[in-house]
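Data first, discussion second: the structure below is written as structure tokens.
Any read-out appearing in this document is the output of simple, stated calculations on the displayed coordinates, not a laboratory observation. For clarity, every value in this text was computed on a predicted model and none was experimentally measured. Neighbour counts run over all protein chains shown; Cβ positions are idealised from the backbone, glycine included.
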């Protein structure tokens with residue numbers, strides 16, 4: 001509980017910082033007054049239409065990725081399960097890019113998160129079939145690499161064939177993610193799907209706890225593995241799909257956050273889920289603030305920072321796994 | 001279609017709708033190029049005597065200059081961008097020529113005795129053509145309105161059509177002088193393109209603004225050449241006129257910013273909104289149409305302000 005409260009405070013502080021950091025130099029007082037009261041034309045526009053959606057999406061995308069990572073690691077009982085790393089986010093990107101380039105998303109806006117969700121769901125289902133709850137790290141990583149490479153290549157192909165000269169430049173966005181210049185439209189587009197994902201995954205806590213004892217023990221405790229799997233697949237797909245549709249594929253959040261927090265909440269997946277959601281929100285908010293501080297006018301991608309922080313974690317993880325095998 | 005964007009960039013004059021336009025930041029380089037191009041033309045013209053008979057152009061801007069200046073039958077092929085209404089003002093004329101995509105092999109097989117290219121045209125293709133013995137004249141991109149005359153003269157000299165070039169130069173300079181608006185109270189305008197790209201000081205677009213009585217918000221924000229102006233800073237600047245680009249077909253996240261609620265609000269609050277088009281891309285005499293459009297916008301805003309003041313009194 002104390003961990004959750006501390007994380008909650010951290011997220012609140014970073015959310016406030018995200019609202020107050022930006023290229024337009026505005027005083028602290030006027031900014032907050034404009035945000036709350038809606039008085040003062042340009043400042044209100046900046047606060048309510050540019051910074052607020054960006055900060056909200058930071059929380060939403062981060063929480064979604066952290067939660068999805070924790071749930072996947074719990075279900076697969078494998079510390080390497082991470083949406084970005086094993087191809088779920090790239091597959092969601094592919095879905096989103098297809099919805100945008102076919103023009104479906106322009107006709108019916110929810111088609112964008114739905115297509116991303118479909119891509120993510122396909123990837124998660126495929127991974128679970130290939131790796132399964134019993135599958136080892138090797139199968140998971142091999143399947144994930146193949147899936148990432150394929151989805152990434154198809155995203156690049158679709159964007160290269162687009163009649164829009166800017167589309168091909170956006171390969172980086174769909175691989176690395178960014179929250180720059182998003183609007184409230186994106187918030188409202190992603191929110192319902194994320195809510196579904198959170199509700200579904202919140203109900204998996206008991207099942208995931210039981211699963212730590214092994215599949216047989218979990219079945220004996222009355223946990224339906226089939227149902228649990230379905231919940232995790234749809235929950236993860238809804239979260240990752242919605243996050244990717246509006247912010248691109250942000251990697252490493254789902255890997256780093258559960259690892260950092262696991263020692264703090266004990267090994268129980270049910271306790272890790274809410275902590276990972278808050279931790280993910282904090283990481284993405286911090287990374288997004290950093291993109292604005294390091295290169296304010298370059299649209300530095302979120303994934304650049306999360307990868308810089310995340311990749312060393314991955315190395316450490318591999319190192320400790322090797323030591324465990326010897 | 002990365003190729004299209006690349007070709008547009010190579011197209012020379014600061015292309016307003018393109019995300020990157022390095023031209024203007026290379027001022028010194030540019031003038032040196034001009035000098036070299038002029039020297040090349042002189043040497044070549046001296047050696048050959050009469051004008052070239054099979055000219056191929058591989059750059060959007062030289063395409064259009066050549067179509068204006070060449071004698072019938074002299075120009076064989078222009079680039080495929082010349083028939084794209086989003087970047088070319090001479091689509092109808094371009095239909096009368098074979099289109100090329102600028103590849104060295106394709107161009108060489110047309111057996112040209114002169115190739116016109118931009119200084120940013122695919123370097124590898126230009127170098128290869130030169131090694132194959134083809135004469136290539138490179139025309140630097142325009143970053144000032146004065147470059148329009150200079151480019152007409154370079155291409156005119158290369159084609160052996162100097163007299164025709166001088167006629168067009170005289171027309172252009174007279175037209176520009178007639179449109180120029182001098183004012184002590186410039187109206188603040190912002191150019192805003194996909195990815196938050198704006199054109200600042202030292203660009204063709206900036207000069208169009210300044211000769212029509214506008215102050216460029218991008219230049220005031222410290223952008224030189226092309227660069228990013230964060231949406232927040234555009235909102236805070238609250239310009240009186242916003243010039244944006246027409247969207248391309250097919251979706252892109254880069255262009256989503258043009259529909260961002262904050263930009264829509266800024267455009268709504270501004271006195272006028274304009275859309276830049278093919279006339280803004282190259283330094284051609286037709287750029288006067290863009291200048292005329294901006295001059296009309298300036299007068300409309302000024303009249304509107306006077307009406308409001310009269311109402312207030």
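In whole angstrom, note down how far apart the Cα centers of the range A:178-250 and the range B:58-92 are.
For the range A:178-250 versus the range B:58-92, the Cα centre distance is 56 Å.
Please state the relative contact order of the range B:180-312 as a whole percent: Cα pairs under 8 Å, 6+ residues apart?
Relative contact order, the range B:180-312: 26 percent.
Would you mind ranking B:244, A:204, A:212 so that the residue whose beta carbon has the fewest other beta carbons within 10 Å leads the list?
Exposure proxy ranking, most exposed first: A:212, B:244, A:204.
Summarise the partner chain shielding of A:17-25 as one whole number: the mean count of Cβ atoms from other chains within 10 Å of each residue's Cβ.
3
At a 10 Å Cβ-Cβ cut-off, how would you order A:227, B:289, fewest neighbours first?
A:227, B:289
Would you mind classifying the range A:84-160 by shape? Square roots of the alpha carbon gyration tensor eigenvalues, ordered a ≥ b ≥ c; an a/c under 1.5 is rounded, otherwise it is prolate if a/b is larger than b/c and oblate if not.
oblate
Given a Förster radius of 60 Å and the C-beta distance between residue B:304 and residue A:13 as r, what FRET efficiency does 1/(1 + (r/R0)^6) yield to the nearest 0.05?
Using R0 = 60 Å, I get an efficiency of 0.80.
If I model a spin label at residue A:202 and residue A:267 as a point 7 Å from the Cα along the Cα→Cβ vector, what separation in nanometres do I get?
2.8 nm
Would you mind giving the mean number of other chain beta-carbons within 10 Å of the Cβ of each residue in B:245-251, as a whole number?
Counting other chains' Cβ atoms within 10 Å and averaging over B:245-251 gives 6.
Quick check: pseudo-label points 7 Å beyond the Cα along Cα→Cβ at residue B:177 and residue A:153, how many nm apart are they?
Result for the modelled spin labels: 6.4 nm.
Please list, by residue number, everything in the range B:125-154 whose backbone N is under 14 Å from a paramagnetic label point 7 Å out along Cα→Cβ of residue B:164.
The answer is B:152-154.
Counting pairs of alpha carbon atoms under 8 Å apart in space and at least six apart in sequence, what relative contact order in percent does the range A:171-282 give?
Result for the range A:171-282 is 36 percent.
Within 10 Å of each residue's Cβ, count the other Cβ atoms and sort A:148, A:270, B:79 from fewest upward.
Placing the least packed residue first, the sequence is A:270, A:148, B:79.
In whole percent, what relative contact order does the range A:55-325 give with Cα contacts below 8 Å and a gap of six or more residues?
33 percent
I'd like the FRET efficiency for residue A:318 and residue A:37, computed as 1/(1 + (r/R0)^6) with the beta carbon distance as r and R0 of 51 Å, rounded to 0.05.
With a Förster radius of 51 Å, E is 0.45.
Taking a spot 7 Å from the Cα of residue B:238 along the direction of its beta carbon, which residues of the range A:16-57 have an amide N less than 13 Å from it?
Residues A:39-46 fall inside that zone.
Could you work out, residue by residue across A:166-174, how many beta carbons of other chains sit within 10 Å of that residue's beta carbon, and then give the average as an integer?
6
Under the rule a/c < 1.5 gives rounded, and otherwise a/b versus b/c splits prolate from oblate, where does the range B:180-312 land using the Cα gyration tensor?
oblate
Tell me the mean residue ellipticity at 222 nm calculated for the protein assembly as shown from its helices only (DSSP H runs of n ≥ 4, each -39500 (n - 2.57), averaged over every residue, nearest 500).
-19500 deg cm²/dmol
Between residue A:129 and residue B:123, how high is the FRET efficiency from 1/(1 + (r/R0)^6) when r is the Cβ-Cβ distance and R₀ = 45 Å? Nearest 0.05.
Here the calculated transfer efficiency is 0.35.
What is the Cα centroid distance between the range A:278-315 and the range A:4-61, reported in whole angstrom?
Centre-to-centre (Cα) distance: 18 Å.
Cα centroid distance between the range B:144-192 and the range B:236-267, in Å?
So the two Cα centres are separated by 29 Å.
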